[in-house]
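K.L.:
Mind having a look at this structure? Questions to follow.
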Amino acid sequence: MYWLSALILIIMFAAISAALIATPYLTRRTVSFGISVSEEMYYSEPVRRMRRSYAWVTGIIHFLLFLAMAAALFTMNEQVLRYALPAYLVILIASIILIQGFFYIRMKRYKAAQPAVPHTRERLVIDTSFRQQRLVYSNTWFLIHLVIIVVSFLLTWMYYDQAPDSIAMQYSLTGEVIRSADKSYSSMFFPNIMQVIMLLLFYTVNRSIHKSKQQLDPRKAEASAQQNIIFRRKWSMFTLMTGLLMILLFSLMQLSMFHQISPEVLMPLTLTIPVVIVISALIMSIQTGQGGSRIGRSSDISSAEAVNDDAYWKLGNMYYNPKDPSLFVEKRMGIGWTLNMARPLAWLILLAPFVIIILVISFLAP
């Protein structure tokens, strides 16, 4: 079972690395490393080389990280893995920040060094009927998630007395219990707390997909609007299904507290669900591109100049525009949406998960 669990983890690490390597190829054709560009510049040979350089640098670093994690897994030493996994995540995040920051600066300098071209009129296109379309799947579907949470809670309440005095809270890759807690209401119902938090999180994500600012191509407004609608619907469905899988996962973990489930079944299932989510997100990203830019795209290069709002993007990743009433906007690096940090509500949304985690940890602390 250890080798099966290790293989599942390796597949997940490989999928994460593939998604990060592909990042500059999935953006809109009017953005390169967080800098607004014309499509001509996006397809120019120097910028193509820049994307290839990014892929090589990211690929080499992630390959080395991948080898290090594989070596840690092959040691079959839980003490080593306890430190290797957090170290992998810290180095992974740091490498993303540094590599993307380096290529953002490089792209910014390259664009500034180009000869001045005759300025064409910037055009911002807004489809007034856009919000009348069915952009996302209804939040009513989250009632299924809520029913599962309620059923899990009631079953745990009914069978509370049948649970052992010591509750397994963490397993090793071999299926051995490495951390347990005395039976209590806080330990038994902790999965329900996490389920409610996740339900609120996925509900917020689905609403953000619906409410986020529309971004249309000035020369192909109708086509890009359809691309964006399909893009939002696909990621809305992904959000609903991901939320359902995660809530089922926590229900399975809660069930194992009072009903014996073989570690040979529990561990692979626990690891497989996150892997399925990561791989599905990678496939979706490649299929859709940011904003739906890869959906039914043509090879025609548009000469229209979209609105240049580089001044509001800090390092190409953080959007801060007090003049923009939008709360959610498309990311410039990667797939999905980010917050307009000039809106006070954005800070509340950003900090809320950390506050909730701290409160949960404090609640569970002995």
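The values are calculated or read from the model by the stated rules, or taken from the named source; none is laboratory data. All values derive from a computational prediction rather than experimental measurement. Here the Cβ positions follow ideal geometry from the backbone for every residue, glycine too, while neighbour counts run over all protein chains shown. Accessible surface is based on the protein model in full, side chains and every heavy atom, while ligands, DNA and RNA are left aside. Shrake-Rupley method; radii C 1.70, N 1.55, O 1.52, S 1.80 Å.
K.L.:
For labels at D161 and A55 in the simple 7 Å Cα→Cβ model, what's the distance in nm?
P.N.:
Calculated label separation equals 6.4 nm.
K.L.:
Let me ask something else. What FRET efficiency comes out for R82 versus E222 if R0 is 41 angstrom and r is the Cβ-Cβ distance? Round to the nearest 0.05.
P.N.:
Numbers: r = 54 Å, r/R0 = 1.33.
In this case the efficiency is close to 0.15.
K.L.:
Put E45, E39, E222 in order of accessible area, largest first, 1.4 Å probe: what do you get? Before the final figure, lay out the partial values.
P.N.:
On the way: E45 85, E39 10, E222 155 Å².
Ranked list, largest accessible area first: E222, E45, E39.
K.L.:
Can you send over the solvent-accessible area of H259, 1.4 Å probe, protein chains only, in Å² to the nearest 10?
P.N.:
Ignoring ligands and nucleic acids, H259 comes out at about 100 Å².
K.L.:
Per residue of region 319-325, what does 6.51 cos²θ - 1.76 cosθ + 1.60 with θ = phi - 60° give for ³J(HN,Hα)? Whole Hz please, x for Gly and Pro, Karplus curve as stated.
P.N.:
Going residue by residue, I get 9, 9, 9, x, 7, 9, x Hz, with x marking Gly and Pro.
K.L.:
Then there's this: Quick one: what are the phi-derived ³J(HN,Hα) couplings along region 102-107, Karplus 6.51/-1.76/1.60 with θ = phi - 60°, whole Hz, x for glycine and proline?
P.N.:
Taking θ as phi minus 60°, the curve returns 4, 6, 4, 5, 4, 5 Hz for region 102-107.
K.L.:
How many angstrom lie between the C-alpha centres of region 310-348 and region 247-280?
P.N.:
35 Å
K.L.:
Put a dot 7 Å past each Cα toward the Cβ at S280 and I349; how far apart are the dots in nm?
P.N.:
That separation, rounded to one decimal, is 2.2 nm.
K.L.:
If each residue of separation counts as 0.36 nm, what is the full-extension length gain between A70 and Y25 once their alpha-carbon separation is subtracted? Before the final figure, lay out the partial values.
P.N.:
Values: separation 45, 0.36 × 45 = 16.20 nm, distance 2.75 nm.
13.4 nm is the gain from fully extending A70 to Y25.
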